Amino acid sequence: MEHMHEGHQGHEGHEGHQGRDGHEGHHAHEQDEQLAHDEQQAHDEQHAHDEQHAHGAGGSVSWGMAARATLHCLTGCAIGEVLGMIIGTALGWGNLATMILAIVLAFFFGYALTLRGILAAGVDLRTAIRVALAADTLSIAVMELIDNGVIALWPGAMEAHLSEPLFWIVLAIALVAAFVITTPVNKWMIGRGKGHAVVHRYHH
């Protein structure tokens, strides 16, 4: 009888052990599922945040953000244009050749300023170039169209030399006009995840 009783106790102990193992295994499985769920939820939230940040709702794009993006382009354009005028004048080029050089340099410096910021974020050169082209092309094109249009249509502006006040006055007016007209364009583009919205992804 004692032997049977001990066997029964051993059997109960074995079942209790199995029950604990099963419970612990089930508990561990639940923890794994919960961890996987939490990770997926975090991933989904991050993805949603990235999508919202990249595309942006139209109403969430402030005029200040659009103005900063436009000023960024305007700085590069102004550097390129003035440098182009100086080089063209120094080489004795005509108005058309000088204007073309100024436009080319405006695009170059506009892209260069954007590239500098993207490369500083650790992006490779090829990707940075693609981002800069996507971000700035339309903005710089609109800006150059307005800027050079004002200079071309302003009486005497094309013939004015760098040493004459008229040249700098008309250039300043042209740049202001370009800024005012291009800012709404940038606001529209950023609100749709284009333009400088592409650049912002690499700064966050």
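At a Förster distance of 22 Å, what's the computed FRET efficiency of residue 172 paired with residue 62, Cβ-Cβ distance as r, to 0.05? With a Förster radius of 22 Å, E is 0.25. Sorting 108, 167 on solvent-accessible area from highest to lowest, probe radius 1.4 Å, gives 108, 167.
When 146, 190 are compared by accessible area at a 1.4 angstrom probe, the order from most to least is 146, 190. Working from label points 7 Å from Cα in the Cα-to-Cβ sense, the residue 83 to residue 163 distance is 2.5 nm.
The values are calculated or read from the model by the stated rules, or taken from the named source; none is laboratory data. Quantities reported herein were computed from a predicted structural model and do not represent experimental measurements. Every residue, glycine as well, gets a Cβ built from its backbone with ideal geometry; the counts of neighbours run over all protein chains shown. The area values use the complete protein model at the heavy-atom level, side chains included, leaving out ligands, DNA and RNA. Shrake-Rupley method; radii C 1.70, N 1.55, O 1.52, S 1.80 Å.
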